[in-house]
Every structure is written in structure tokens, then in C-alpha cells.
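Structure first, commentary second.
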């Protein structure tokens with residue numbers, strides 16, 4: 001994506017001068033929040049006027065809201081915590097320790113506490129955990145005028161500002177949906193049931209949030225109701241929550257593809273120790289996997305001793321396998337996440353990647369052969385058998401790239417088939433898998449083409 | 001993200017049986033579209049009843065809509081193309097050849113054609129290219145009742161189904177916004193200007209779509225108006241477009257981080273030749289960069305010949321540098337895209353990554369040393385100087401991992417500073433940069449610790 005214009009960064013440079021913290025405006029604080037130390041956060045938050053402070057509080061992530069709540073005096077907490085809609089309150093509560101949870105729940109009124117406790121029972125990443133239990137609702141048998149009066153009253157309470165109301169019968173079962181526009185244009189005296197749409201798209205409570213986000217893309221709705229197994233409406237998921245989900249899921253996938261555990265907080269807010277923990281785990285696993293290359297090379301020690309020139313191309317060969325495998329796994333993981341490729345498409349992917357791997361391997365083989373020939377012509381570096389050496393390099397590049405491409409594209413399918421996250425097939429993971437086999441392919445090609453000359 | 005349940009895939013398996021194409025339902029077609037050959041697409045599209053066919057057409061991507069439009073008889077095109085809102089029509093037109101553009105523009109009515117041509121002047125990835133020029137509007141000086149009558153009339157036309165109307169003066173300048181709810185609750189006789197909110201968030205036409213998407217996140221609005229330099233309202237960007245933007249930008253970043261050019265079409269729809277072109281470019285660049293490793297190793301040929309055991313650890317050392325560099329660059333690129341890290345944070349990132357690199361390098365150094373000692377105890381593989389060899393490995397791992405981490409974290413800053421896309425610092429690019437220097441570090445450590453014993 002394009003970099004934002006620089007003057008904005010320059011303006012901010014002035015804004016975060018620590019000496020000037022007290023004067024920070026709402027916009028500056030929104031921009032600079034992650035850069036401030038906790039004390040400055042509290043101080044500048046309390047320096048804002050009430051409406052700005054409310055905007056700032058609602059703008060912050062659940063993580064930052066929790067931190068702030070426990071940094072301000074205890075007697076001020078209630079007013080701030082009660083600003084949150086039940087779903088946001090539940091998200092915040094999931095950020096804090098069990099004993100802090102009790103404190104926070106105690107701050108809520110009876111009705112909201114019941115809503116929040118119900119929401120806490122849902123997994124954070126399914127439709128139930130995403131939904132807001134407050135929404136505009138009407139009965140099917142009332143008239144349009146009654147509905148408008150009723151909705152006007154509900155508008156005073158905290159409900160999402162949606163352009164429609166859901167029609168629920170006396171058992172809380174979802175019967176239809178009616179837009180404000182339909183209410184506007186209906187004839188007086190008509191009943192809600194006469195103007196409502198009955199083909200309502202809804203989702204079960206346990207639907208995974210990624211599936212929910214894809215449903216929003218296909219239906220282009222602003223909100224989707226969540227219903228339980230009996231068809232009773234439990235809440236709504238709104239499009240603005242889905243933007244967060246899409247962004248968050250992409251971040252998790254990117255971090256996994258990069259060979260890191262998911263950070264779970266903004267980069268600058270992860271403590272150094274936590275950062276090492278998140279990265280060290282995978283690095284250590286990859287390292288241990290990679291020690292197999294030392295074993296593999298030990299197996300070909302004799303060949304290396306005989307023809308040191310062979311060793312020179314080892315990094316080139318294995319990195320080519322790793323790079324092509326990394327490309328393939330990244331593309332397939334993303335295509336899976338977008339729903340463009342599904343489990344049963346594996347055979348089509350095999351076909352495509354076989355062709356790609358062969359083509360890409362061919363290109364690199366040509367480059368490799370040319371490189372050996374050119375270097376030899378320039379410096380005579382590779383001795384009388386340089387053509388055979390070039391052919392060895394070329395042959396193994398075709399093999400290694402083809403192999404890397406196949407492993408990289410199939411591993412996400414295998415992981416998903418076993419109900420693991422396909423993104424676990426990170427680029428470095430595939431590279432490590434391919435390195436050992438890449439060495440085998442290279443030295444096998446060498447034995448095949450160089451025995452009797454270099455070997 | 002969690003894999004969706006399998007029964008869905010199984011259900012689909014039956015649905016895409018080519019023999020059964022004609023019977024595909026709307027839902028099945030939405031799921032299976034990318035898997036069908038073009039002829040089956042047209043056939044099953046034309047087999048749908050009109051409302052389902054309309055839903056399907058509106059559901060498809062601009063690319064697929066264009067393909068379909070030019071696959072059905074020419075006399076049917078007008079009806080389908082006119083279903084699209086001006087912004088969607090403009091997106092579709094950008095998918096086709098210049099001569100096809102003229103055909104399509106000729107299908108539109110005068111007003112829509114003017115709207116579409118105006119939209120085509122904007123870059124695809126800025127606010128102007130994203131906006132819809134149709135929205136509900138009212139004058140500030142009319143009464144609430146007049147506004148409701150007027151909006152009711154506009155509702156019949158195709159405008160986005162938003163819960164608010166924008167208040168424009170006679171010069172088309174944006175003066176405020178009024179929600180349907182405010183219209184509901186206003187007293188009869190009040191004027192729009194009395195109930196409208198005047199602090200309207202708006203964006204200029206040229207704002208980058210990624211910035212627009214971040215503004216939606218901070219403001220939690222359902223739509224944001226786009227205004228020109230004179231404050232005249234040109235259209236609105238709606239939240240549902242932003243979901244697509246967020247998803248698309250993440251896809252582009254993931255593909256770049258994986259070392260591929262951006263595909264620009266779903267994985268299964270990219271032709272094999274195009275796929276090789278998108279991947280071959282970077283692979284070839286990385287390969288040429290990586291040939292420097294062969295040169296670097298040639299420089300240490302004498303050491304390798306003397307102590308073949310040294311060669312065994314080359315893949316281990318350089319892959320550790322590449323993996324840690326890949327982690328760092330991936331985390332920093334994503335943090336930049338999310339706005340968590342900005343250009344001027346580079347020094348804080350240096351601090352953090354120096355600490356991380358040292359810690360991670362230390363962990364791998366320990367693992368490497370233990371591996372040499374263990375392998376030696378088990379097989380006596382590394383000769384009498386195995387402790388010195390282990391120390392060489394350990395020292396170079398600290399150096400290589402620290403170096404990889406610093407390069408990986410700083411490269412995105414450097415690229416962005418030079419106004420390039422930080423995501424160009426892909427993991428394989430960083431790994432390639434680090435491989436050559438990793439070899440230097442390794443052999444320098446060897447000269448330092450092994451001269452007089454192994455060397």
C-alpha cells in the first residue's frame with residue numbers, strides 16, 4: 001500500500017514531545033496513544049474535557065481500555081465502564097485477571113451484567129462472542145405508527161444505529177426485518193408483518209467469525225442477526241465489528257506466515273521478554289529441524305572433500321527451494337483464507353503448482369548454468385569440468401524448485417485436512433523442510449553427473 | 001483461523017458435479033463460481049430465475065461480472081449492466097479492454113454515464129475511486145416533514161441504504177448530516193438545520209484507500225462523505241467497500257511478504273503463464289542475489305578444504321539468520337500497515353530488535369553448541385577440536401541472528417523513507433541479504449576461534 005504523506009508524520013513529531021503531553025488534543029492522543037508511557041496516558045486522558053475523553057475511551061482497544069480503567073481512581077471507574085455496550089464490556093473483561101473481572105462486573109447495572117455474563121460464555125472468535133445483544137426490535141402485529149413510536153423510545157437507549165429493526169414474535173423468534181425506509185413509505189394503518197421482509201439472513205451462535213465475515217461480503221448487509229438453535233434471536237453482529245475481524249485475522253495469518261506466534265497486542269506494546277517468547281519458540285523448532293542439514297551434509301562429506309566447488313553452491317540451491325516453497329505456501333494459505341481454494345481443490349492446485357514449479361525451476365536452472373559458465377570464463381574458477389558442474393547445478397535447481405513448490409502448496413492442505421490452521425505451514429517452516437531434501441537432491445545430481453570427473 | 005467444518009465441503013462436492021450443473025442453486029453457484037468453466041457459468045446463470053440471477057450478478061466480482069457480460073447475448077447486456085450502481089459499473093469498466101468500454105458506456109442512461117465517466121477519472125485506490133456518487137441528500141432550510149417526503153421519493157431511486165442523509169447547500173457544499181432517527185424524533189415544524197449534526201467527518205477525493213479504511217476504524221461510521229477542495233460533496237464511501245479494501249490490502253501485503261508480485265485475481269483464476277511471471281521475477285532476482293553466496297564461499301574455499309566439518313553447518317547458520325530476519329521484517333511491515341509503528345519510531349524499534357536479536361541469538365547459540373557436543377559424544381563426528389567448533393557455531397549464531405533481526409526490522413523503514421512500499425522487504429529478500437553476510441560472520445568467527453587447530 002502507498003505510504004501516507006510525510007507531513008503527517010512530521011506534525012506528529014511535535015505532538016508527542018513528552019514535555020508537551022498535557023496539551024495533546026483528542027486527535028493527537030488517538031494517534032499517539034501507543035507511544036505514551038502509562039502515566040502520560042492517564043494524565044492526558046484526565047486532562048481532556050468530558051466529551052473528548054468519552055470519544056477517546058470508546059476509540060481505544062479493549063486492552064488499552066482495561067489498562068486505563070485500572071490506572072484511574074477506583075471511584076471514577078463505574079462511569080467509564082458503563083459507557084461500553086455489552087459486547088465491548090465483555091471484550092474488555094476478557095482482557096483482565098479473574099479478580100479484576102469481579103470488580104468490573106460489580107460496576108454494571110443488573111440488566112447489563114446479565115447480558116455481559118451471557119456473552120462471556122461464547123468463544124471470543126465466534127458469532128456469539130462478536131454480537132451485541134442490544135438492537136431495535138418490534139412485534140409483527142403492531143401497526144407502522146406504533147412501531148415508529150416504539151422505535152423512537154428505543155432510540156433513547158443504547159442500541160446500534162442501524163437503519164432497520166428486527167421483527168420478533170412473543171417467543172423471541174426472528175420473523176422478519178423492516179427498514180426505516182419501509183416504515184417511512186408504508187401506508188398508515190398497515191401492520192409490521194405486512195411490510196417486513198421475511199427472508200432474513202441469520203447465523204448460528206457458534207459460527208466462526210471468519211465465516212461470518214465472508215457472509216457479510218456475499219450479502220452486503222450492515223448487520224446480521226445471531227439466532228440460537230431454536231431460532232430465538234440473541235443479538236446482532238454489525239459490519240464495523242467485521243472490519244476489525246478481517247484486519248485481525250489477516251494480521252494473525254501474516255505473523256504465522258512470517259514464522260512467529262501471534263503477538264496478540266500491537267508491536268510496540270509487546271514486552272521484550274514476551275517478544276522473544278513469541279519468536280523464540282518457532283526459531284528453535286526451525287533450528288532443530290535445520291540441524292538435519294548438518295547430518296545430511298555429513299553423509300556427503302566425502303563428496304565435499306573431493307570437490308570443494310560443490311559446497312559453494314549449497315546456499316544457492318537450498319535457498320532457491322526455500323524461496324519457491326515459501327511463495328507457494330503463502331499464496332495457497334491466503335487463497336484458502338479468502339475461500340478461493342478449498343480442501344477438495346487440492347488436485348487442481350497440484351496440477352497448477354507442478355506446472356509452475358517446472359517453469360520456475362527451468363528459469364533458475366538456466367540462470368544457474370549461465371552463472372557457472374560466465375564465472376568460469378571470467379576467472380577459470382571451476383576447473384576443466386565446469387560444464388558438468390553447471391549441469392549438476394541446473395538439474396538440481398529444477399528438482400529443488402519443483403519439490404519446494406509441491407511441498408509448499410500441499411502442506412496447507414495437509415494441515416487443514418488434519419484440522420490444523422493452514423497458516424502453520426509458514427514460509428520458514430516449508431524452507432526448513434525443503435532444505436534437507438534439497439541437499440539430497442543436489443548431491444544425488446552430483447553423483448549422477450560428476451562421478452568419474454570431479455567425484 | 002479455524003478451518004470450517006468439513007460437511008460443508010462435502011456438500012459442495014456433490015454440488016459441483018459437472019453433470020449436475022443446470023440444477024445449481026443460487027447459494028451453490030456463489031460457492032462454486034470460481035470452479036466452473038466459463039460455459040457452465042453462463043449456462044447456470046441463465047438457468048436461474050430472475051431474482052436469483054440478479055443476486056448472483058451483484059454478488060460476483062467486477063472481473064467475473066465483466067466476463068459474464070461478454071459471454072451472454074449482446075441484447076441481454078443492457079439489462080444486467082444497468083443493475084449496477086455507478087461505482088460498481090466503473091469498477092467493471094476498468095476490467096475490460098478500451099473498445100469494450102465504449103460498448104458498456106453506451107448501455108447506460110445519460111445521467112449514469114456521466115457519473116461513471118467522472119468516477120473513471122479517479123485512481124482505483126483512492127477515496128474518489130471508492131466512492132458512490134449516489135446518496136440521500138436534503139437542503140438545510142426545509143422542514144423535517146418536507147425532508148421525510150423528499151427522502152421517501154429518493155428512496156425509490158438507487159441510493160445506498162444508509163441510516164442518514166447529508167445536508168447540502170445550493171452550492172453542493174456539505175453542511176451537516178441528519179440521521180433517520182433524528183428525523184423520527186424531531187418535532188414537526190423544526191427545520192433540518194436545527195437537528196442536523198454539523199461536525200461531519202469527510203475525506204478529500206485523493207485520500208489513499210488505506211487511510212480511508214483506518215478512518216472508518218477510528219470513527220466507527222457506516223459511511224464517510226468525499227468532498228473536493230472547495231468543500232463540495234462528490235459522493236460517499238461506505239463501510240462495506242472498506243471491508244473489501246482491508247481484505248485486499250492484506251492480501252497484497254501477504255503476497256509481497258511471501259516474495260511474489262501481487263496476483264490481482266483469485267489464485268485459481270490466474271493463468272499458469274501469468275503465475276510463473278508473477279513469481280519468476282522475484283525468484284530470479286533472489287537467485288542472482290544469492291549467487292553472491294557462491295562468491296563469498298569461494299573466498300573461504302581454503303578453510304572449507306581444510307576443515308570440511310565447517311561446511312556442514314553452513315545451511316544451519318544462514319537459515320537461522322534468514323528466519324530471524326524474516327520474522328522481524330514481517331512483524332514490522334504489518335505493524336506499519338496497521339499504523340502501530342510509524343517512520344519516526346525507528347529508533348524505538350532498533351532498541352527492541354537489538355534486545356530481541358541478542359536474546360534469540362543466545363537461545364540458538366546454546367542449542368547449536370549443545371547439538372555439536374551431543375553429536376560428538378554420540379558419534380565422535382567432529383574430532384578433537386569439537387568444543388572450538390561448537391564455540392564457532394555459537395558465536396556466529398549470535399552474530400547472524402542479531403544481524404538478521406536488525407536488517408529485517410530496519411529495511412521496511414528504509415524503504416518507506418524512500419517512498420517505496422515497506423512490504424517489498426519480503427522475508428526471502430531479507431534472507432538473501434542476510435545469507436551473504438551470514439557466511440562472512442561464520443567464517444570470520446571460524447578464523448578467530450579455529451586458527452591453529454582446525455584451520
| task | Return yes when residue B:415 is in the same structural domain as residue B:347 (by TED's automatic domain parsing), under 20 Å from the mean Cα position of the chain (by Cα) and farther than 17 Å from residue B:311 by Cβ and no when it is not. | result | yes
| request: With the condition kept exactly as written, say whether any residue in region A:386-397 is within 28 Å of residue A:447 (Cβ to Cβ), touching a residue at least 60 places away in the same chain (Cβ under 8 Å), part of a helix (DSSP H, G or I) and under 37 Å from the mean Cα position of the chain (by Cα). | output: yes
| Among the residues of region B:78-87, which ones are in contact with a helix residue (DSSP H, G or I) (Cβ under 8 Å, 6 or more places away or on another chain) and crowded, with 17+ Cβ neighbours inside 10 Å? | B:80, B:81, B:84, B:86, B:87
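Does residue B:378 satisfy the condition of being farther than 22 Å from residue B:256 by Cβ, free of Cβ contacts under 8 Å to residues at least 24 places away in the same chain, assigned to a helix (DSSP H, G or I) and touching a helix residue (DSSP H, G or I) at 6+ places or on another chain (Cβ under 9 Å)? Even if it seems obvious, please write down each step before you answer.
Numbers: farther than 22 Å from residue B:256 by Cβ: yes; free of Cβ contacts under 8 Å to residues at least 24 places away in the same chain: yes; assigned to a helix (DSSP H, G or I): yes; touching a helix residue (DSSP H, G or I) at 6+ places or on another chain (Cβ under 9 Å): no.
In short, no.
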| task | Can you run down the residue pairs with Cβ atoms below 9 Å, 6 or more apart or on separate chains, where the first is in region B:296-307 and in contact (Cβ under 8 Å) with a residue 24 or more places away in the chain and the partner is part of a helix (DSSP H, G or I) and surrounded by fewer than 14 Cβ atoms within 10 Å (Cβ to Cβ)? | result | B:300/B:447; B:303/B:447
| Which ones in region B:340-370 are within 25 Å of the chain's Cα centre (by Cα) and either more than 7 Å from chain A (Cβ to nearest Cβ) or assigned to a helix (DSSP H, G or I) (or both)? | B:343, B:344, B:345, B:346, B:349
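Consider residue A:4 carefully, then state whether it is within 27 Å of the chain's Cα centre (by Cα) and either within 8 Å of chain B (Cβ to nearest Cβ) or modelled with pLDDT under 80 (or both). Outline the logic, then answer.
On the way: within 27 Å of the chain's Cα centre (by Cα): yes; either within 8 Å of chain B (Cβ to nearest Cβ) or modelled with pLDDT under 80 (or both): yes.
Yes.
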| request: Output yes when any residue across region A:252-259 is in contact with a strand residue (DSSP E or B) (Cβ under 7 Å, 6 or more places away or on another chain) and under 19 Å from residue A:423 (Cα atoms), and no when none is. | output: no
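A quick yes/no check of all residues on (1) surrounded by fewer than 20 Cβ atoms within 10 Å (Cβ to Cβ); (2) outside the structural domain of residue A:199 (by TED's automatic domain parsing):
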position	(1), (2)
A:112	no, yes
A:141	yes, no
A:166	no, no
A:178	no, no
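For region A:250-263, enumerate the residues that are part of a loop (DSSP other than H, G, I, E, B), within 10 Å of the chain's Cα centre (by Cα) and buried (at least 22 other Cβ atoms within 10 Å of the Cβ).
none
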| remark: Across (1) crowded, with 22+ Cβ neighbours inside 10 Å; (2) without any contact (Cβ under 8 Å) to a residue 24 or more places away in the chain; (3) under 30 Å from residue B:307 (Cα atoms), residue B:341 clears everything bar (3)
| note | Taking region B:66-90 and keeping residues over 19 Å from residue B:235 (Cβ atoms) and assigned to a helix (DSSP H, G or I) leaves B:66, B:67, B:68, B:69, B:74, B:75, B:76, B:77, B:78, B:79, B:80, B:81
| said: Just to verify a result, which residue in region A:425-436, among those that are within 16 Å of residue B:427 (Cβ to Cβ) and more than 8 Å from every other protein chain (Cβ to nearest Cβ), is modelled with the lowest pLDDT? | reply: A:425
| task | Please go through region B:229-238 and pick out each residue that is within 14 Å of chain A (Cβ to nearest Cβ) and either more than 19 Å from the chain's Cα centre (by Cα) or without any contact (Cβ under 8 Å) to a residue 40 or more places away in the chain (or both). | result | B:236
| Quick one: would you say residue A:242 is modelled with pLDDT of 90 or more and part of a helix (DSSP H, G or I)? | no
| remark: Subset of region A:264-288, residues facing chain B (nearest Cβ under 7 Å) and either part of a loop (DSSP other than H, G, I, E, B) or out of contact with any helix residue (DSSP H, G or I) (no Cβ under 9 Å at 6 or more places or on another chain) (or both), comes to A:266
| Is region B:225-236 home to any residue that is at pLDDT 90 or above, outside any strand (DSSP E or B) and out of contact with any strand residue (DSSP E or B) (no Cβ under 9 Å at 6 or more places or on another chain)? | no
| said: Which residue is farthest from the other protein chains (Cβ to nearest Cβ), if the candidates are limited to region A:289-339 and must be modelled with pLDDT under 85 and in a loop (DSSP other than H, G, I, E, B)? | reply: A:307
| Given B:199, B:241, which one is touching a residue at least 12 places away in the same chain (Cβ under 8 Å) and either buried (at least 20 other Cβ atoms within 10 Å of the Cβ) or not assigned by TED's automatic domain parsing to the domain that holds residue B:427 (or both)? | B:241
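The values are calculated or read from the model by the stated rules, or taken from the named source; none is laboratory data. All values reported here derive from a predicted model rather than from experimental measurement. Neighbour counts run over all protein chains shown; Cβ positions are idealised from the backbone, glycine included.
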